[in-house]
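Let me begin by presenting the structure, written as structure tokens, before commenting on it.
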Amino acid sequence: MTDSDRPAGAPGLPPTPPPYRPQLGPNPLPTNEAEALVIGRQHFPEVGSPGGPSELYVHEFDIGYLIHASWPAPEDPTARPAEPGGTNVVISKIDGEVSFLPNFPPESAVELYHSARNRRVS
């Protein structure tokens, strides 16, 4: 759908958003770290690109795979990061659901994921 095909909405209001596209099938369910990495790569900039991570790592745990990035060391290690933050991606072994977590160390991120998942199930 091009912008010209989309309804303009009411004058003075933002344009009407594109229609919601439902998921056409189940989330892919990774069976190993390599498959999880393929899914996780979709959620990070290209590895090695300017501003992208230098490498992606997979940390397997009981109910999922945690994908986290390594970033090049800053030129000035005493300077504040240009883009603080970041994210970890978790792909569930149960249903393939992709979740995003703060850029915590792997053990802390896994603990946070367990806590959040338990709240949703309860």
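The values are calculated or read from the model by the stated rules, or taken from the named source; none is laboratory data. Just so it is clear, the model here is predicted, and its values are computed rather than measured. Don't worry about glycine lacking a Cβ; one is built from the backbone with ideal geometry, like all the others, and counts go over all protein chains shown.
Sort out which residues of the range 88-111 are more than 19 Å from Gln42 (Cβ to Cβ) and over 15 Å from the mean Cα position of the chain (by Cα), and write them in order of number. Break it down into steps so the answer makes sense when it comes.
Applying the first criterion (more than 19 Å from Gln42 (Cβ to Cβ)) to the range 88-111 yields 94, 102, 104-108, 110-111.
Hits for the range 88-111 are Ile94, Pro105, Glu107, Ser108, Glu111.
Criterion first (part of a loop (DSSP other than H, G, I, E, B), out of contact with any Leu (no Cβ under 6 Å at 6 or more places or on another chain), modelled with pLDDT under 80 and surrounded by 10 or more Cβ atoms within 10 Å (Cβ to Cβ)) does Thr16 satisfy it? Lay out the reasoning, then the answer.
Numbers: part of a loop (DSSP other than H, G, I, E, B): yes; out of contact with any Leu (no Cβ under 6 Å at 6 or more places or on another chain): yes; modelled with pLDDT under 80: yes; surrounded by 10 or more Cβ atoms within 10 Å (Cβ to Cβ): yes.
So Thr16 fits the description; yes.
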